[in-house]
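The values are calculated or read from the model by the stated rules, or taken from the named source; none is laboratory data. These figures come from a predicted structure and were not determined experimentally. We place every Cβ from the backbone using ideal geometry, glycine too, and count neighbours over all the protein chains shown. We work out accessible area using only protein heavy atoms, side chains counted, and drop any ligands, DNA or RNA first. Shrake-Rupley method; radii C 1.70, N 1.55, O 1.52, S 1.80 Å.
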Amino acid sequence: MNHVAKRAVASRATAPTWAGLFVVLAVLTGCTGTGSIFGGSAGPPQEAIQVTPRDGAKNIGPDGRLAVKAPDGRLESVEVTRTEGARRRAVPGEIARDGRSWAPRGSEGRVRLGAKYTVDAVAVDGSGNRTTRHSTFTTLVPGHRFIGYFRPENRSTVGTGMIVSFDFSRPVTHRAAVQRAIKVTAVPPVEVVGHWFGADRLDFRPAEYWKPGTEVTVEMALRDVEGAPHVYGTQDKKVVFQIGRSQSSLVDAAAHTMEVRRDGELVSTIPITAGAAGKTTTYNGKMVVSEMHEVTRMDGRTVGFGGEYDIKDVPHAIRLTDSGTFLHGNYWSDEGIFGSENVSHGCVGLEDVRGGSSDTPAGRFYDRTLIGDVVEVVNSEDKKVAPDNGLGGWNLDWTRWKAGSALR
């Protein structure tokens with residue numbers, strides 16, 4: 001009897017303890033992030049705070065958009081981070097004035113490929129109850145990428161004829177999307193238009209030569225732009241360059257002279273030798289300086305002339321076309337040819353000495369030349385240089401140039 005009584009007492013004493021434990025468990029459950037962190041009637045966090053793309057989503061494509069909403073409450077804070085490889089960066093954004101939504105700033109609204117996103121948000125309802133939401137998603141890792149090799153270089157000072165040129169590592173079929181992702185602007189302002197040469201080259205220029213002193217900015221937002229089916233860009237980059245003084249040179253192949261004008265004034269007339277008549281004439285037309293070498297090797301076999309020449313130390317070499325037209329110093333020909341005969345294999349030659357010198361016609365011209373300067377050849381027996389041979393786009397009038405844009 002006593003034994004039974006003791007058991008009954010023990011049962012009554014234990015009951016409050018279990019009840020207390022249930023209360024503790026209920027409170028702990030309320031702190032796990034499945035609802036309001038202070039109790040109340042708030043619903044599940046996926047309803048109170050909506051994140052796009054959804055939590056746990058994978059392989060989100062380049063058209064995916066990032067957004068956070070609180071349809072029945074007000075967002076207090078939103079923190080979004082993007083992890084790419086070992087780099088973790090905050091994604092800038094703003095909560096709307098009504099507190100109902102958060103959106104990333106600018107181009108961040110479009111997700112980056114090959115990244116993991118983490119979203120942490122806090123919202124409050126009309127009763128002051130707070131709800132938290134933690135969400136993650138990952139984006140597509142492209143199997144194929146493309147980049148644009150561009151010129152001129154960042155922070156360079158170039159001539160007034162400089163053309164911004166992109167050579168893409170893969171053929172581009174979505175030309176409008178790629179062109180739209182590249183912006184070329186100038187101060188003072190001028191209209192700049194892109195022109196496609198085939199599937200892998202895009203050049204930009206204004207209607208006329210740049211004005212001296214212009215600052216040009218090239219903004220590339222090519223990352224994750226689909227240039228061709230399943231081929232995406234990689235570059236987010238800004239390049240700024242300056243336009244220097246104006247210098248243009250007019251080569252008269254028949255008169256064997258080159259007139260150099262700087263800021264519109266004739267500063268010198270230099271005797272030259274151009275391409276030999278009937279065999280290796282020099283292209284007519286406007287050509288832009290794209291490379292400069294104090295000394296370089298010129299081998300006829302690299303440009304289809306066989307073994308006719310191989311000069312290992314050509315001084316003051318200034319490239320005018322991709323196909324091999326140079327304006328360069330010449331030390332191996334007799335002095336009498338300059339200003340009287342055309343004997344070259346298509347280049348424009350100026351008198352020089354072996355090893356080069358700043359005191360020769362070639363050396364003086366080289367020292368006063370910028371990449372981006374224009375050299376125009378007239379009165380040659382050859383055809384006009386193709387507009388895609390080097391930076392030859394100035395040989396197209398403005399109407400034809402604009403016709404080559406994908407954004408017409």
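Taking Thr173, is it open to solvent by 20 Å² or more (accessible area, probe 1.4 Å), at pLDDT 95 or above and over 11 Å from the mean Cα position of the chain (by Cα)? For Thr173, the condition - open to solvent by 20 Å² or more (accessible area, probe 1.4 Å), at pLDDT 95 or above and over 11 Å from the mean Cα position of the chain (by Cα) - is met. The criterion of at least 2 residues that are at pLDDT 50 or above and surrounded by fewer than 14 Cβ atoms within 10 Å (Cβ to Cβ) is met, among strands (runs of 3 or more DSSP E) falling completely within region 1-92, by 74-84, 87-90.
Listed by first and then second residue, the pairs linking a residue in region 80-91 that is hydroxyl-bearing (Ser, Thr, Tyr) to a residue that is surrounded by 11 or more Cβ atoms within 10 Å (Cβ to Cβ) and not in a strand (DSSP E or B), with Cβ atoms under 8 Å apart and 6 or more places separating them unless they lie on different chains, are Thr81/Val91; Thr83/Ala115.
Cβ-Cβ contacts under 6 Å between residues 6 or more apart (or on different chains), taken from a first residue in region 151-172 that is under 18 Å from Val375 (Cα atoms) to a second residue that is in a loop (DSSP other than H, G, I, E, B) and open to solvent by 80 Å² or more (accessible area, probe 1.4 Å), are listed as Thr160/Tyr209; Gly161/Tyr209. Quick check, is Val184 assigned to a helix (DSSP H, G or I) and either open to solvent by less than 80 Å² (accessible area, probe 1.4 Å) or of a type in the set (Lys, Arg) (or both)? For Val184, the condition - assigned to a helix (DSSP H, G or I) and either open to solvent by less than 80 Å² (accessible area, probe 1.4 Å) or of a type in the set (Lys, Arg) (or both) - is not met. With respect to Ser127, determine if the residue is closer than 30 Å to Asp98 by Cα and part of a loop (DSSP other than H, G, I, E, B). Yes: the conditions hold for Ser127.
Restricting attention to region 350-403 and to residues that are crowded, with 19+ Cβ neighbours inside 10 Å and of a type in the set (Gly, Ala, Ser), the residue that is nearest to Asp203 (Cα to Cα) turns out to be Gly393.
Regarding Glu108, is this residue open to solvent by less than 80 Å² (accessible area, probe 1.4 Å), acidic (Asp, Glu), modelled with pLDDT under 95 and outside any strand (DSSP E or B)?
Yes.
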